[in-house]
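Read-outs: derived from the displayed coordinates by stated rules, not from any lab. This structure is a prediction, so every number in the text was calculated from the model and none was measured. We place every Cβ from the backbone using ideal geometry, glycine too, and count neighbours over all the protein chains shown.
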Ligand SMILES: NC(=O)c1ccc[n+]([C@@H]2O[C@H](COP(=O)([O-])OP(=O)(O)OC[C@H]3O[C@@H](n4cnc5c(N)ncnc54)[C@H](OP(=O)(O)O)[C@@H]3O)[C@@H](O)[C@H]2O)c1
């Protein structure tokens, strides 16, 4: 494949790790985002281009796709606000990107979604992710859909938020904290995409990527509290109370908690059988436990 790989969302948590892996592997990359910038590690001679693009704007997407060999959609929207709806980004824009990529004769498209997508979910976010997958496949039948579990890594949102919680005198749990998750290292997900952008066309079209350990939410909290040497009582909080808190927080410009997050915290986030895995891509996933020091560091938060 000649031409750069366009990484839509190439400045984000996953996207920036992917850009690094692609450049490291000698692949030319186009970082496509609303405010793209060169990574700090970039050196003169690295095959890196920037494209200013709003995935909702067809003209800017067409320009960002010009001459590329492959496309990755790692654009996210986790919280809706005025003028920014899940359906716009995760369904309409994702489908449009797939249509334009197919129309431009681009061979490879990897669309990042998430484990647990469901068109019947009570969560507007989860529904939009499911409808987005369908929209992408309708436009680009050979697109690869990649569903990671919750991702961790250096400077992530997940572990840092839990680490901040351990500063409280008691740690509130979602329900009894029994929901099972399969946290996956962001580097493993980036490497999976790198493999999927290799010369051989991928054999599978759907992957669910989880780490080596399936952990209950309460066990992840305990791991982090022990690492921070701040062992605290864990206090179960019923889900209806979390829903009430999310409702009260909803008028805030950046709510610390949303209804969608509460719904997702009640749902298992574990890779299903019968879909592609990291192992199918010859990637041995990194464990959360072993990587806590690299991800949290002693004085990070
Ligand atoms: N993080 C996780 O634990 C996790 C778990 C499962 C699945 N995922 C999925 O993985 C993907 C990447 O997530 P992430 O956590 O890496 O996201 P992120 O850190 O929030 O990054 C989002 C990226 O999208 C770009 N972006 C946002 N709106 C855009 C728009 N309208 N047009 C063009 N670019 C836009 C942002 O750059 P600008 O703001 O400059 O445009 C940024 O580069 C998402 O699909 C997410 O749902 C994430």
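Rounded to the nearest 0.05, the FRET efficiency derived from the C-beta distance between residue 118 and residue 284 at R0 = 35 Å is 0.75. On the basis of the beta-carbon distance and an R0 of 41 Å, residue 178 and residue 88 show a calculated FRET efficiency of 0.75. Centre-to-centre, using Cα atoms only, region 245-301 and region 146-180 are separated by 7 Å. Per the Kirkwood formula applied to alpha carbons, region 1-149 shows a radius of gyration over Rh ratio, Rg over Rh, of 0.96.
Given R0 = 35 Å, the distance between the Cβ atoms of residue 294 and residue 49 translates into a calculated FRET efficiency of 0.75. DSSP beta bridges confined to region 1-122 are antiparallel in about 5 percent of cases. Label positions at residue 38 and residue 78, each projected 7 Å from the Cα along the C-beta direction, are separated by 2.9 nm.
Give the dimensionless ratio obtained when the Cα radius of gyration of region 61-111 is divided by 2.2 N^0.38 Å.
Details: Rg = 11.9 Å, N = 51, 2.2 N^0.38 = 9.8 Å.
Its radius of gyration relative to the 2.2 N^0.38 Å reference: 1.21.
Against the empirical 2.2 N^0.38 Å (N residues), region 125-243 has a Cα radius of gyration ratio of 1.32. Run a plain Debye calculation on the chain (Cα atoms as equal point scatterers, no solvent) and give log10 I(q)/I(0) at q = 0.12, 0.13 Å⁻¹, rounded to two decimals, same order as the q list. For the requested q values the scattering log ratios are -0.81, -0.95. With 0.36 nm allotted per residue and the present C-alpha distance subtracted, the residue 57-residue 25 stretch has 8.5 nm of extension available.
List the relative contact order of region 1-131 as a percent without decimals, with contacts defined as Cα pairs under 8 Å and 6+ residues apart.
Details: 219 pairs, mean separation 30.3, N = 131.
Normalised by residue count, the contact order of region 1-131 is 23 percent.
Counting only DSSP beta bridges with both residues in the chain, the antiparallel share comes to about 10 percent.
Remark: relative contact order (the chain) = 18 percent; criterion is Cα-Cα distance under 8 angstrom and separation of 6 or more residues. Taking a ≥ b ≥ c as the square roots of the eigenvalues of the Cα gyration tensor, region 217-301 is oblate, since a/c reaches 1.5 or more and a/b is not larger than b/c.
Which log10 I(q)/I(0) values does region 176-220 give at q = 0.13, 0.17, 0.23 Å⁻¹ under the Debye formula, counting every alpha carbon as one identical point scatterer? Values, matching the q order: -0.41, -0.59, -0.82.
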